[in-house]
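Here the structure comes first, spelled out in structure tokens, and everything after it is commentary.
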Amino acid sequence: MALTEETIQDKIEVVGDFKHVQVRTATVIKRDGTEISRSFSRHVVVPNISADDLANESAEVQAICNAVHTDAIKTAYAEHVANQEV
């Protein structure tokens with residue numbers, strides 16, 4: 001009886017005015033190749049993510065962020081964040 005664990009990013013969505021990238025990760029436990037458990041975790045990648053932190057994301061998430069986090073989006077998000085801190 002062999003147990004294996006697999007982690008996959010099974011859903012990536014771009015949402016909202018500032019193009020937040022939501023990433024859902026599934027952890028799948030299998031016994032002899034048959035799935036017996038699946039759990040999920042999520043995290044959000046915001047437009048002001050640092051280059052170092054973005055480098056820790058998967059190649060697919062990096063590509064999506066590079067496509068949707070334009071300079072205009074980054075500027076608008078920075079202004080939004082600055083206005084929230086007042």
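The values are calculated or read from the model by the stated rules, or taken from the named source; none is laboratory data. Owing to the predicted nature of the structure, the values given are computational and were not obtained by experimental measurement. Heads up, the Cβs are rebuilt from the backbone with ideal geometry, glycines too, and the neighbour counts pull from every protein chain shown. When the accessible area is computed, the model is the full protein with side chains, heavy atoms only, and any ligands, DNA or RNA have been set aside. Shrake-Rupley method; radii C 1.70, N 1.55, O 1.52, S 1.80 Å.
Go over the candidates E57, E35 one by one and state the one that is among the acidic types (D, E) and more than 21 Å from A78 (Cβ to Cβ).
Just a single option satisfies the conditions, and that option is E35.
Inside the stretch 42-81, can you point out the residues that are open to solvent by 70 Å² or more (accessible area, probe 1.4 Å) and not in a helix (DSSP H, G or I)?
The answer is R42, V44, N48, N56.
Looking only at the stretch 16-33, how many residues end up being farther than 18 Å from S58 by Cβ, in a strand (DSSP E or B) and of a type outside the set (K, R)?
Here the count works out to 1.
For the stretch 50-86, how many residues meet the condition of being in contact with a helix residue (DSSP H, G or I) (Cβ under 7 Å, 6 or more places away or on another chain) and among the aliphatic types (A, V, I, L, M)?
Result for the stretch 50-86: 1.
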